[in-house]
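Taking it in order: structure first as structure tokens, then the write-up.
The values are calculated or read from the model by the stated rules, or taken from the named source; none is laboratory data. Since the structure is predicted, the reported quantities are computational estimates derived from the model, not experimental observations. Please note: Cβ atoms are built from the backbone with ideal geometry, for glycine as well, and neighbour counts cover all protein chains shown.
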Amino acid sequence: MTVQTSTQTHGTLITDVTDTARWVAAHRAQESERADALFHDPFAARLSGEVGRNIASLVQQRNRNSWTVVVRTRLIDDIVLDGVKQGFDCVLNLAAGLDTRPYRLALPPSLHWIETDLPALVSHKDQALAGETASCRLTRVAVDLSDSAARSAFFAEHMRSAKRALVITEGLLCYLTNNAVSDLTRELLQLAAVQRWALDVISPAVKNKLHKSLDKNLASAPMHFAPAEGVAFFEKLGWKVERVESLFRAAVGFGRIPLPLRLLAYLPDANPRKIGQRQPWAGVVQLHR
Ligand SMILES: C[S@@+](CC[C@H](N)C(=O)[O-])C[C@H]1O[C@@H](n2cnc3c(N)ncnc32)[C@H](O)[C@@H]1O
């Protein structure tokens with residue numbers, strides 16, 4: 001599908017950061033239609049709507065990188081299923097957007113899945129999924145995670161009963177400032193139940209390329225956090241790295257990389273602790289306390 005109109009003449013496709021959830025849901029909807037899909041999300045098309053499809057189409061035209069969202073989704077699916085097998089009793093999905101894992105994954109009914117996002121997004125999701133049944137116990141809460149008082153109050157209220165919690169921040173950190181990510185990183189470490197954290201990191205070069213190619217479309221949802229020191233950012237603040245997966249490397253393994261790009265697989269991987277300014281790199285990271 002192509003976007004017929006120039007965003008220069010018709011304004012921007014992304015009106016605020018909640019639209020980025022529609023964007024990634026549209027990529028999940030497309031993946032779900034493939035015969036060899038890496039996951040099946042039967043709700044993604046409904047949730048992303050036309051807004052999401054138009055953004056995804058523009059991004060795909062300019063960046064050809066829908067595989068990053070698809071592979072990230074699959075890697076985090078696997079982290080969730082591993083965690084459940086290992087006895088985690090709570091998943092805390094911060095900025096869950098239009099993620100539907102509580103509905104589409106086979107999860108134990110006793111698992112408590114808590115998800116947050118901004119109020120407008122939570123209200124859209126509540127309406128679009130009314131009548132659907134989650135496989136586990138699901139709590140959805142509207143919280144602005146950049147408001148430290150609101151965030152702390154949310155943690156105090158909702159993390160009381162968890163014994164072993166897995167936190168997910170998928171596609172969130174890049175929209176926060178370095179200071180906000182530092183605060184969140186420290187705060188999560190103070191929550192005794194939080195034992196594992198699944199997140200994604202992009203390098204400065206990936207951030208710059210997205211800003212350049214999407215131009216004013218990202219003006220209402222600018223990306224900030226893209227540490228040149230990669231996972232060392234979290235290690236310095238007290239977390240331990242359990243696993244790092246380059247999205248590119250994983251996508252090569254899953255057969256999701258278009259041909260010319262596949263040749264880059266012959267080059268050595270970036271050091272995830274020293275990505276630097278110029279190397280394009282994005283990865284899914286699993287941290288533990
Ligand atoms: C790229 S989307 C990712 C959504 C979801 N995690 C996924 O992978 O489908 C980024 C999400 O971060 C949310 N977000 C951004 N800033 C936020 C904030 N300050 N508080 C809560 N959510 C926020 C947006 O509303 C959006 O849903």
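In the condition set (1) within 18 Å of R101 (Cβ to Cβ); (2) surrounded by 18 or more Cβ atoms within 10 Å (Cβ to Cβ), D78 is compliant with all but (2).
Applying the selection to the range 93-150, what residues are of a type in the set (V, I, T) and either more than 20 Å from L188 (Cα to Cα) or within 14 Å of the ligand (Cβ to nearest atom) (or both)? Talk me through it step by step, then tell me what you get.
Keep residues of the range 93-150 that are of a type in the set (V, I, T), which gives 100, 114, 116, 122, 133, 139, 141, 143.
The answer is T100, I114, T116, V122, T133, V141, V143.
Just one of the numbered conditions (1) at pLDDT 85 or above; (2) in a loop (DSSP other than H, G, I, E, B) is not true of S6: (1). Listed by first and then second residue, the pairs with beta-carbon distance under 8 Å, at least 6 apart or on different chains, first residue in the range 90-108 and more than 15 Å from A165 (Cβ to Cβ) and assigned to a loop (DSSP other than H, G, I, E, B), second more than 7 Å from the ligand (Cβ to nearest atom) and aromatic (F, W, Y), are L98/F43; T100/F43.
R186 meets all of the listed conditions (1) farther than 22 Å from G230 by Cα; (2) outside any loop (DSSP other than H, G, I, E, B); (3) more than 15 Å from the ligand (Cβ to nearest atom); (4) not hydrophobic (A, V, I, L, M, F, W, C) but one, namely (1). For the range 259-289, the candidate set comprises residues that are over 21 Å from the mean Cα position of the chain (by Cα) and assigned to a strand (DSSP E or B); within that set, the residue that is nearest to L237 (Cα to Cα) is K274.
Regarding the range 78-92, can at least one residue be identified that is of a type in the set (S, T, N, Q) and within 9 Å of the ligand (Cβ to nearest atom)? Checked the range 78-92: no residue is of a type in the set (S, T, N, Q) and within 9 Å of the ligand (Cβ to nearest atom).
Condition check ((1) within 16 Å of the ligand (Cβ to nearest atom); (2) hydroxyl-bearing (S, T, Y); (3) modelled with pLDDT of 95 or more) across all residues:
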| site | (1), (2), (3) |
| --- | --- |
| L13 | yes, no, no |
| S32 | yes, yes, yes |
| A45 | yes, no, yes |
| G49 | yes, no, yes |
| A56 | yes, no, yes |
| V69 | yes, no, yes |
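For the range 151-183, a residue qualifies if it is away from the ligand (no atom under 13 Å from the Cβ), part of a helix (DSSP H, G or I) and of a type in the set (D, E, K, R), and exactly one does: E157. Filtered by the rule that a residue be outside any helix (DSSP H, G or I), touching a residue at least 12 places away in the same chain (Cβ under 8 Å) and not aliphatic (A, V, I, L, M), the range 9-58 gives T12, T15, D16, T18, D36, F39, H40, D41, P42, F43. Being part of a helix (DSSP H, G or I), among the charged types (D, E, K, R) and more than 23 Å from L145 (Cβ to Cβ), is that true of even one residue in the range 233-256? Yes, that holds for at least one residue. Which pairs do you get when a residue that is closer than 30 Å to A219 by Cα, found in the range 154-176, comes within reach of a residue that is within 10 Å of the ligand (Cβ to nearest atom) and among the hydroxyl-bearing types (S, T, Y), reach meaning Cβ atoms under 8 angstrom, with the pair 6+ apart or on two chains? Going by the 8 Å Cβ cut-off, the qualifying pairs are F154/T116; E170/T73; G171/T20; Y175/T20; L176/S146.
Do the conditions hold for V51, that is, is it over 22 Å from A134 (Cα atoms) and within 16 Å of the chain's Cα centre (by Cα)? Against the criterion (over 22 Å from A134 (Cα atoms) and within 16 Å of the chain's Cα centre (by Cα)), V51 does not qualify.
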